[in-house]
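The values are calculated or read from the model by the stated rules, or taken from the named source; none is laboratory data. Owing to the predicted nature of the structure, the values given are computational and were not obtained by experimental measurement. FYI the Cβ positions are ideal-geometry reconstructions off the backbone, even for glycines, and counts take in every protein chain you see. Note: areas computed on protein heavy atoms with side chains; ligands, DNA, RNA excluded. Shrake-Rupley method; radii C 1.70, N 1.55, O 1.52, S 1.80 Å.
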Amino acid sequence: MKIPVRFIASRSAFYLFTAFAAITINFFLPRMMAGDPVTAYMQRNAGQISVEAERSLRILFGLDKDSSVWEQYTSYWQLLFSGDLGRSFSNGLAPVGEVISSALPWTLGLVGIATIISFFLGTATGAIIGWRRGSKADVIVPISTFFSTVPYFWLGLIAIAVFSSTLGWFPASHAYDKGSSPAFTADFIGQVIAHGALPAITIVVASLGGWILGMRNMMLTVLDEDYITVAQAKGMPNRRVLWNYAARNAMLPQLSSFALSIGFIVGGTIVMEMVFSYPGIGKLLLDATNAKDYPLMQGVFLIITMAVLCANILADVAYAILDPRTRQTEA
Amino acid sequence: MRLRRTFIGAGLVAALALTGCSGAAPESQPEGGAALTIAKPDGAITTESNNPWVGDSAANRLGYKNVIFEPLAMVNAVGDNETTPWLAEKVEWNDDYTILTVTPRTGVTWNDGEEFTADDVVFSYNLIRNTPALDTGNLQMTDIVKDGENVVLTFAESKFVKQSQVLHIPMVPEHIWADIADPTTETNPEPVGTGPYTLDSFSSQSVTLQARDDYWGGDLAVPTLYYVSYNDNTALTTALANGDADWAQAFIPNVQSAFVDKDPEHNVFWAANVLAPDVLFLNHQKKPFNDLAFRQAVNIVIDRAAHTEIAREKAGPELSSVTGLPTPVGEQYIAPQYEGEDFSMDVEGARTILEDAGYTWASDALIDPDGEPVSFTLEVPQGWNDYVTGISLIADQVTESLGADAKVNTPDADTWWANKRSGNFDAIMHWTDGGTTPYDLYSDTMDGRWLLAGDEVDFNFGRYENPRATELLNTYATAATDEERTTALEEIQSIFVEDVPVIPVGTHPVLGEYNTRNYTGWPSEDDQYATADPVQVTVPLILTKLTPAE
């Protein structure tokens, strides 16, 4: 196969520019908001902290020195290239890298696994429903759509009320039991699974509808194609026609949505994190925004931007491989 | 067929929702040696930092700093505002509160076995003096010397009204912190303190602390403390109700049914009134609040019972005394002429005041003496729900009873914050700082010293100017005798009541939720030795008073 040099070069240039623009916006966006970290701190501690604290907080956060936005911007790039994301104002001046790494694995693990399960389960169900159109199986479509339109926090609260408070099957909050520390033991892994079960199940239930509906609709279109009729006319087993002929083609648009949703996994699912008090990037970003914690916001934005860009590159590559037409920009 | 399935689905969900509401009642058999779980609603703990000085370190945010590091003395924010010597055997101020003499307690050991000495006290205060970034109280210490067994601290100003900020500085061991290069970024992974508990394990989901067996303050009933954080108030309320969490400080709407009624025998909600009411700051530089008659009239048509009932959802008592001092803690300060004098609504009286001042009504709308209709806007940030409800109620009451056109505006918090500092408003609802004297309440609302800052003020947002009040407040803060202070305070109160610089609306209590299933001896309305807030410096006092339930 000929390597499409011009295609790769133009895509690379595009991604480099996007990364540059995104990082620049990451810097300016937080600074365009009204307020600053010190007043945000005073607001959060309304009445609990005296106004005399303002001076010491400015010194503590390093905001007592006047430096122009341009100076801050250039030093931001310098720090970025040396791998230093700064220190988070709202986490006791902990390094931003450490703060993010305390939340990111949980988001990736829980939301990632839930998204993959949801994708495969939803696509497979959609394929089967599409294959048996008009059968009783069709009832799954409205039910699953119902669960994806129900507000997620409500679904989460009901799940807690039923499976945790009443039945006591799963813990209601947090990623593992209080008093235990992360370790590679059967006990700890069991705790993580028990604590992650409810959030994961509710995410799957809430997102399944989209995958089922998308796949089913594509199946209906594909099933009308001539090659399906031909395959069936040749007497091929239904299983093979369903999975190797119909589903394989119907899955293309699903794959690109999947690539995109991988990018969004990193952003976390803030409502889930709120309802289940689960650690994650979404709540981290919200807290950072409320606290006007510029370094942490920049760090989280950077991770999200990079994740979305990488997911886009993956989607591009996957499409270029699967569909030759996208490669033909050379012509 | 399809139809029926859908119905079964819907019915199932409804049934689940109904059963879910009942919840599980926690069992009520006292358990000896049970752990105590202290919870906060502030979101995940991120990285471990046991730095006692930096505001948002994990130790400070969760509050476990208070059971590791202890202060010289504790000043009670409720009760009699008394000072309890803690790591000091005694603390003595000179007459005008510029010199503090401390006698460190003997027989106290750090949790690494070393002895606590006067040198540690000198070192801790020097650390604050030499690190402006950590001096949140702006202590202005001029001299810190060891005098025999004692330590003598000298200040550039009188500390009478700021005693707690001086005394509540946590003591740290010199033999550890002397080698630390930058105390602002130090994470202090193995915290050494004199406190009753030591750090056992830290994870982003919970922090575990174990009781010391060699604590100077005696035996501790609770062997283990867990500090946990939930991501919001709803999750925390669930945890408190089903017994996963034991002790918290959180605003819970309908706290009676959401928390207390889940175990009425043991669950306790105590809103401790501190000396800090919520008040309406009024702009004294423009109409309509630059007119005393209008301020007086509005002051007596506000329904403070409705504010407590609806806006604060009964989280705390009503503000009753006309002096603005929340009771019972403020009772000891109320001037004799205002004892027992409570706010009461008087619409007729208010209309008479306005009429006498030359106001008229044109088809129910209030017209000021210049012939212009009276209108003003009340502002608080959007999303600050108790405040938003509070000003909406006031706007309705003023419009209905006086005919003034009262509007409500809820800008975003940052805009509101900037406007309040620059004085760009008609009226805003705001807190006052909670001190351990009434000084903060009266200074924050009427002191001319704030106005010296120029265009951006930190308090007295309405620019109330009264040289006599400024002078009296200064006297109260710097006087050398109790008589001078009492006289000054009495006159300050009469200015506050007569001149209505701000309108006190409701109390802003320190909330606390706990249960007596396993331990008793908690602070309460009847025994106000401390607030029931688990993140205050007084927590070691509470933990030494707890005893196993019978």
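Dimensions of the stretch B:485-550 along the principal axes, based on C-alpha atoms and rounded to the nearest Å, stand at 53, 26, 21, largest first. Anisotropy class assigned to chain B is oblate, per the alpha carbon gyration tensor with a/c at or over the 1.5 cut-off and a/b no larger than b/c. Each Cα pair under 8 Å and six or more residues apart adds its separation to the average, and for chain B the resulting relative contact order is 20 percent. Interface residues of the stretch B:404-427, defined as those losing at least 20 Å² of solvent-accessible heavy-atom surface relative to the isolated chain (probe radius 1.4 Å), are listed as B:414, B:417, B:421.
Per residue, the solvent-accessible area of chain B (1.4 Å probe, heavy atoms of protein chains only, all protein chains present) comes to 38 Å². For the stretch B:390-444, averaging the sequence separation of C-alpha pairs within contact (under 8 Å, six or more residues apart) and dividing by the residue count gives a relative contact order of 19 percent. The solvent-accessible area of residue B:174, taken with every protein chain present and a 1.4 Å probe, is close to 70 Å².
Please report the antiparallel percentage of the DSSP beta bridges confined to the stretch B:299-419, to the nearest 5. Antiparallel: roughly 50 percent of the beta bridges in the stretch B:299-419. Given axes a ≥ b ≥ c from the Cα gyration tensor, I'd like to know whether the stretch B:170-272 is rounded (a/c under 1.5), prolate (a/b larger than b/c) or oblate. Since a/c reaches 1.5 and a/b is larger than b/c, the shape of the stretch B:170-272 is classed as prolate. Residues of the stretch A:264-282 buried by at least 20 Å² of accessible area upon assembly of all protein chains, compared with the chain on its own (1.4 Å probe): A:274, A:277, A:279. Here's the picture: charge each Lys and Arg Cβ at +1 and each Asp and Glu Cβ at -1 in the protein assembly as shown, and of B:496, B:448, B:541 the one pushed furthest to the positive end of that dipole is B:541.
A prolate overall shape is assigned to the protein assembly as shown, the ratio a/c of its alpha-carbon gyration tensor axes (a ≥ b ≥ c) being 1.5 or greater and a/b exceeding b/c. Chains A and B together bury some 5000 Å² of accessible area, summed over both sides, with a 1.4 Å probe. A 1.4 Å probe, protein heavy atoms only, puts the accessible area of residue B:160 near 30 Å². Each of A:176, A:265, A:126 was scored by the projection of its Cα onto the charge dipole of the stretch A:104-290, and the greatest displacement toward the positive side belongs to A:126; charges sit on the C-beta of Lys, Arg, Asp and Glu. FRET efficiency for residue A:248 and residue B:415, Cβ-Cβ distance as r, R0 = 60 Å, nearest 0.05? Computed FRET efficiency for residue A:248 and residue B:415: 0.60.
Between the residues B:130, B:177, B:109, the greatest Cα displacement towards the positive end of the dipole of the stretch B:70-194, with unit charges on the Cβ of Lys, Arg, Asp and Glu, is found for B:130. Nonpolar atom fraction for the protein assembly as shown, defined as the carbon and sulfur part of the 1.4 Å probe accessible area, stands at 56 percent.
Here the stretch B:70-194 is treated as a Stokes sphere of Kirkwood radius computed over C-alpha pairs; at 10 °C and 1.306 mPa s its diffusion coefficient rounds to 106 µm²/s. Charge dipole of the protein assembly as shown (Cα centre as origin; +1 on each Lys and Arg Cβ, -1 on each Asp and Glu Cβ, all else neutral): 6740 debye, rounded to the nearest 20.
Which distance in Å, rounded to a whole number, links the C-alpha centroids of the stretch B:244-319 and the stretch B:439-504? Centre-to-centre distance over Cα atoms comes out at 23 Å. Calculated [222 nm] ellipticity per residue, helices only, for chain B: -8500 deg cm²/dmol; basis is -39500 (n - 2.57) per DSSP H run with n ≥ 4, divided by all residues, nearest 500. Rolling a 1.4 angstrom probe over the protein heavy atoms with all chains in place gives the stretch A:93-217 an accessible area of 43 Å² per residue.
Counting only heavy atoms of the protein chains and using a 1.4 Å probe, residue B:526 has close to 150 Å² of accessible surface. Sequence-distant contacts, meaning Cα pairs under 8 Å at least 6 residues apart, place the relative contact order of the stretch B:70-194 at 29 percent.
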